[in-house]
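Every number in this text was worked out from the coordinates using simple rules, so none of it is lab data. Just so you know, these numbers come straight off a predicted model, no measurement behind them. For neighbour counting, all protein chains shown are included, and Cβ atoms are generated from backbone atoms with ideal geometry for every residue, glycine included.
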Amino acid sequence: MKTVDHIYINGRFIKPHGTEIFELVNPSTRTVIGKVTLADEQDAQAAIAAAKAAYKSFSQTTKEQRMAYLQRLHDAVAARSDELRETMIEEYGGPYRTSSATTQRAANSFLQARELLKTFDFVKHVGISKVVLEPLGVVGLITPWNANYGFICSKLAMAIAAGSTAVIKPSELSSLQTQLLTECLHAAGLPAGVFNIVTGRGATVGAEITRHPDIAKISFTGSTDVGKTIARGAVDTMKRVTLELGGKSPNVILDDADLEQAIPVAIAAATVNSGQACMAGTRLIVPASRLDEVKRLAAKAMQALQVGDPHNPDTAIGPMVSQTQYDRVQRYIRLGVEEGAELLVGGAGHPAGLDQGYFVQPTVFANVTMDMRIAKEEIFGPVLVILSYATEEEAIDIANDTVYGLHAFVSSADVGRANKVAARIVAGRVFINGMYDEPRAPFGGFKQSGIGREFGTYGLEAYLEPKAVMGHG
Ligand code: NAD
């Protein structure tokens, strides 16, 4: 049993003012593995005060100094990557491969920010004015549980690159992971107060960060509902917001696609991170003329995925993170049946022999139409719906018939044709004939998938405010 009874403020691990105890459960076994004392509003205020005090000098550092800090942060996180991965597997149930990738990506985000700074110009000249890109103040970083290290590190890396100081509020479900990550970040030896980490409830710590006048910007990753609450709360103090929210990403298979190649990719895209991923390609949009073939291949590919012990490197799908998340996925699977969709693979209940944890059956529904809730709402589990179309125009309409616009996938034997379709899909990222990782490309959504972009130059500029200085000589 592990105990997390410290928060991190002003370069020190201190006891929180908050007293609520939250139990941490291993989702693979349902056993209680730890207890965390949650921070409260007063802790958030102390963290904000520390970040504000540190901002005075940190905002004046040179980019070379910040590049050196970013290198140290990378090294400190990379040095403990095995422990970080193991803790992610234990507390979150992330399959070994996902947990390794997330841990590496987290460390690398500091290097990417460092690399970006090498060529980034904070001063530009426009006519008679000098335009200086300045950090916009103390930032609040609010993150979800599904890739805890990834979100904390990528947001913190950009905040530091910009010269901002930060108050970080991770999900309480990730407390063991956050504690270990905080030890790593602390070991990098940055000036006290540059980053402060206070794990607590969204309604207390998150809400305090959202309303506090000394926070200039919030970068939030999480659900669309909470994103809306934050946007409403942020407007009173005119905070800048970057919101990375939910998705229901379409995967359009054109009629000339090589299905033997495209369908296994589609299954991987739908079940990435055990389906607990905002980017998951959960709506498979296929030509009616090839529906039978698609159903056969989708069923085969889904059934081939190994579900179970996340420590096993061959496992593709681990447990859902919590009882709440397990129940949610079960509800949607039952709803799909009630709505009249054809259950092709999976169904409600645990996979055989896996009732000791929050394991769900990877599920595929066919004969789905866009009026069904399983086609519209984000399920956040390994559940794929198959929709069919008669014409390419109809395929594009179905792809765009959603309040979300995060990611999209297109498959075709003709890359030119795929690009034309990609151009008409309303989504922040479109993947053609595969699934790729490019951390320098912008990440974010159209419509209710959010506001703003992270990663690369766009991500850095989201932490900067332009100031025009004229008559500077
Ligand atoms: P969530 O929205 O419930 O919580 C996210 C964070 O917000 C948590 O730290 C939570 O404590 C905090 N929070 C909750 N209420 C708050 C409030 N009133 N004020 C301030 N903060 C508050 O999301 P979750 O369940 O942790 O994560 C799953 C969701 O995240 C899914 O909808 C998923 O699509 C989304 N997500 C989006 C991206 C992206 O990049 N677009 C990536 C991963 C996850």
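Evaluated at 4 °C with a viscosity of 1.567 mPa s, what Stokes-Einstein diffusion coefficient in µm²/s does the range 235-314 have when Rh comes from the Kirkwood expression over alpha-carbon pairs? My calculation gives 88 µm²/s for D. By other beta-carbon atoms within 10 Å, ranking Leu173, Leu133 with the fewest at the front produces Leu133, Leu173. Compared with the dominant principal axis of the Cα atoms in the chain, helix 63-78 is inclined by about 50°. Value of Rg to Rh for the range 43-165, rounded to two decimals, is 1.05; Kirkwood radius and Rg both from alpha-carbon coordinates. Taking 0.36 nm per residue of sequence separation and removing the Cα-Cα distance, the Asp258/Asp314 pair yields an extension gain of 17.6 nm. With the cut-off at 22 Å, tell me which of the pairs Lys248/Lys295; Lys169/Lys239; Lys124/Lys169; Lys52/Lys124; Lys52/Lys130; Lys169/Lys376 have Cα atoms farther apart than that. Listed pairs above 22 Å: Lys124/Lys169; Lys52/Lys124; Lys52/Lys130; Lys169/Lys376.
Normalised radius of gyration (Cα atoms, divided by 2.2 N^0.38 Å) for the range 82-152: 1.61. Taking 14 Å as the cut-off, the amide N atoms of the range 168-197 that come nearer than this to a point 7 Å along the Cα-to-beta-carbon line of Ala79 belong to 181-190. Among Val123, Met302, Ile374, flag the residue with its Cα farthest along the positive direction of the charge dipole of the chain, charges on Cβ as +1 for Lys/Arg and -1 for Asp/Glu. The one lying farthest along the dipole's positive direction is Val123.
Taking the Cα centre of the range 329-473 as reference, the dipole from Cβ charges on Lys and Arg (+1) and Asp and Glu (-1) amounts to some 380 debye. Helix 224-234 and the longest principal axis of the C-alpha atoms of the chain enclose an angle of approximately 20°.
Using all pairs of distinct alpha-carbon atoms, the Kirkwood hydrodynamic radius of the chain works out to 22.9 angstrom.
Hull volume per residue, based on the alpha-carbon atoms of the range 57-108 and their convex hull, is 82 Å³. Note on the range 208-277: Cα-only Rg and Dmax are 18.5, 55 Å.
Local charge sum around Ala427 (other residues, Cβ-Cβ under 11 Å, Lys/Arg +1, Asp/Glu -1)? Computed value for this residue: +4. Counting neighbouring Cβ atoms within 10 Å and putting the fewest first, the residues Leu284, Leu185 line up as Leu185, Leu284.
For Leu117, the shell of other residues with beta-carbons less than 11 Å away shows a net charge of +1, using +1 for Lys and Arg and -1 for Asp and Glu. Modelling each spin label as a point 7 Å along the Cα-to-Cβ direction, I'd like the Asp327/Val126 distance in nm, to one decimal. Once both label points are built, they end up 5.2 nm from each other.
Look at the alpha carbon pairs under 8 Å that are at least 6 residues apart: their mean separation over the length of the chain gives a relative contact order of 18 percent. Would you mind classifying the range 126-254 by shape? Square roots of the alpha carbon gyration tensor eigenvalues, ordered a ≥ b ≥ c; an a/c under 1.5 is rounded, otherwise it is prolate if a/b is larger than b/c and oblate if not. Since a/c stays below 1.5, the shape of the range 126-254 is classed as rounded.
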